[in-house]
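Enquirer: Below is a structure I'd like to ask you about.
The values are calculated or read from the model by the stated rules, or taken from the named source; none is laboratory data. Keep in mind that what you see is a predicted model, and the values were worked out from it rather than measured. We place every Cβ from the backbone using ideal geometry, glycine too, and count neighbours over all the protein chains shown. All accessible areas refer to the heavy atoms of the entire protein, side chains included, with ligands and DNA or RNA removed. Shrake-Rupley method; radii C 1.70, N 1.55, O 1.52, S 1.80 Å.
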Amino acid sequence: MARDKKPHIGFFGKRNNGKSTLINCITGQDIAIVSPIAGTTTDPVKKSMEIPGVGPAVLVDTAGIDDSGDLGLKRTAKSLRVLEQIDLAILIVTSNTFDSWEHNLIDRFKSLELPFIVIHNKRDIEAATPATRKKYIDSGATLFLEYAQGESNTEILSAIQKSIPETAYVNPSLLGDIIEQGDFVLLITPIDTEAPEGRMILPQVQVIRDVLDNHAINIVLKESELEAFFQKTTILPKLAITDSQLFDKVSRIVPTNILLTGFSVLLARHKGNFEAYKAGTPKIESLKDGDKVLILESCTHHTTCDDIGRVKIPRWLTNYTGKNISFHMVSGLDNIEHPITDYALVIQCGGCMITRRQLTNRLKPAIDAGVPVTNYGMAIAWIHGIYKRAMEPFE
Ligand SMILES: Nc1nc2c(ncn2[C@@H]2O[C@H](COP(=O)(O)OP(=O)(O)OP(=O)(O)O)[C@@H](O)[C@H]2O)c(=O)[nH]1
Ligand SMILES: [Mg+2]
């Protein structure tokens, strides 16, 4: 499979352990500021780099995890947010330490199923004992190595190369298991007042590209031309994909022998958590008076999505269930104030502007707590009674 994604690698550890120095050693460049003063790196610093033997990657330097005080805690929190975006963590330790800071970090790596390497740094000052090595390997590290500034970085590069999961390099195809070479795919995209000026929105562009990557043929039209398309041509598309908001109308026009789904359903499957959405969406039926529904709108700057999450879904869901439901919306990747178990249902946006890992991690607390989750497209399909048809392409 072609590699089309850059793995993200995060560097963590206590202040002054030599995180920034190590990044410079790995890249062979002076990227990060280094100093003997603890707390030199204050914000996560991302750098896109070609790493020998690994290829293009994004390295993320972070502030020391043991920073204290108000500002320190804010910095630490920012360092921890980086965990949601990376594919591999590098934990840097010195002086044979393995205390609560390292324990906490490792617990987080594990809960996010994040592979991690431990580097015992500054070995010129103090070398790692076999006991330390054993403790870290036993704690789940994929590899444990030692290093000191000025040594060859070959061993570290090869450790990174071995530890990055293959999924970090590849964007799986959206449609690869549904369409074949030469198939026609009909894309129904509204161009209304909500459409951005002069361009298409990201999910549409992604699908167009994916159809091309699969050697299939895109036919892109607005819903107003859909009837004319079927009247004037004998083309039989394999699949039609519509904007979720038009589901209702489109499903009445697209003949039932053509598979039909929504862009947001397709993206939901692509971004992960699809099984959880499939289990959670029918729970719309069990919503009752007084229930709270959490709406997670992860892409803050997107006014169309904002309107769907803030206005339309609450209205449709209230009308559909006839129940008195209260809706909470949380924008971006902000903290969710209330305990997740307060909610009867969580509805996640398509997450087109965030990564798969960010989205998976966003929903993990709800899924772990057994709170039903669904996403915009699947919930809309359910409410409009066309869920079954929209899911058929994936069965
Ligand atoms: N002796 C020795 N000193 C090192 C080594 N690596 C880094 N240093 C020194 O340790 C100090 C801290 O290095 P940094 O790279 O800034 O450490 P950091 O972990 O990024 O620190 P913060 O950004 O403050 O969290 C600097 O003075 C480095 O020159 C090493 O392998 N051996
Ligand atoms: Mg630093």
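Enquirer: If you go through the stretch 244-279, how many residues are closer than 21 Å to residue 173 by Cβ and of a type in the set (D, E, K, R)?
Expert: Counting residues in the stretch 244-279 that are closer than 21 Å to residue 173 by Cβ and of a type in the set (D, E, K, R) gives 4.
Enquirer: Filter the stretch 128-140 for residues that are closer than 18 Å to residue 160 by Cβ and either open to solvent by less than 10 Å² (accessible area, probe 1.4 Å) or of a type in the set (Val, Ile, Thr) (or both) and give the result.
Expert: 136, 137
Enquirer: Looking at (1) farther than 28 Å from residue 103 by Cα; (2) within 9 Å of ligand 2 (Cβ to nearest atom), can you tell me which one residue 29 breaks?
Expert: Residue 29 satisfies all of (1) farther than 28 Å from residue 103 by Cα; (2) within 9 Å of ligand 2 (Cβ to nearest atom) except (2).
Enquirer: Kindly indicate whether residue 153 is within 12 Å of ligand 1 (Cβ to nearest atom), touching a helix residue (DSSP H, G or I) at 6+ places or on another chain (Cβ under 8 Å) and of a type in the set (S, T, N, Q).
Expert: When the stated conditions are applied, residue 153 passes them.
Enquirer: Follow-up question, since we're still on this one. Tell me, yes or no, whether the stretch 328-337 has at least one residue that is assigned by TED's automatic domain parsing to the domain that holds residue 373, touching a helix residue (DSSP H, G or I) at 6+ places or on another chain (Cβ under 7 Å) and of a type in the set (A, V, I, L, M, F, W, C).
Expert: Checking the stretch 328-337: at least one residue is assigned by TED's automatic domain parsing to the domain that holds residue 373, touching a helix residue (DSSP H, G or I) at 6+ places or on another chain (Cβ under 7 Å) and of a type in the set (A, V, I, L, M, F, W, C).
Enquirer: Could you list, in sequence order, the residues of the stretch 49-87 that are touching a His at 6+ places or on another chain (Cβ under 8 Å) and more than 16 Å from ligand 2 (Cβ to nearest atom)?
Expert: 57, 58, 85, 86, 87
Enquirer: Grab the helices (runs of 4 or more DSSP H) fully contained in the stretch 150-243, keeping just those with 3 or more residues being in contact (Cβ under 8 Å) with a residue 24 or more places away in the chain and over 27 Å from the mean Cα position of the chain (by Cα).
Expert: 226-232
Enquirer: Follow-up. Got a number for residues in the stretch 1-52 being among the hydroxyl-bearing types (Ser, Thr, Tyr) and near ligand 1 (Cβ under 7 Å from one of its atoms)?
Expert: So the answer is 5.
Enquirer: Shifting gears a bit: Among the helices (runs of 4 or more DSSP H) lying completely within the stretch 10-112, list those that include at least 3 residues that are surrounded by fewer than 16 Cβ atoms within 10 Å (Cβ to Cβ).
Expert: By residue number, 69-81, 100-111.
Enquirer: If I ask for residues that are part of a helix (DSSP H, G or I) and hydrophobic (A, V, I, L, M, F, W, C), which ones from the stretch 337-353 would you list?
Expert: The answer is 340, and nothing else.
Enquirer: Kindly provide the set of residues from the stretch 318-336 that are part of a loop (DSSP other than H, G, I, E, B), within 16 Å of residue 297 (Cα to Cα) and either in contact (Cβ under 8 Å) with a residue 12 or more places away in the chain or open to solvent by less than 50 Å² (accessible area, probe 1.4 Å) (or both), ordered by number.
Expert: Result: 332, 333, 336.
Enquirer: Looking at 61, 30, 43, which one is free of Cβ contacts under 8 Å to residues at least 24 places away in the same chain and either at positive phi or not assigned by TED's automatic domain parsing to the domain that holds residue 334 (or both)?
Expert: 30
Enquirer: A further question follows. Identify, please: which residue in the stretch 113-127 is open to solvent by 20 Å² or more (accessible area, probe 1.4 Å) and touching a Phe, Trp or Tyr at 6+ places or on another chain (Cβ under 9 Å) and is, among those, nearest to residue 160 (Cα to Cα)?
Expert: Restricting to residues being open to solvent by 20 Å² or more (accessible area, probe 1.4 Å) and touching a Phe, Trp or Tyr at 6+ places or on another chain (Cβ under 9 Å), the top hit is 115.
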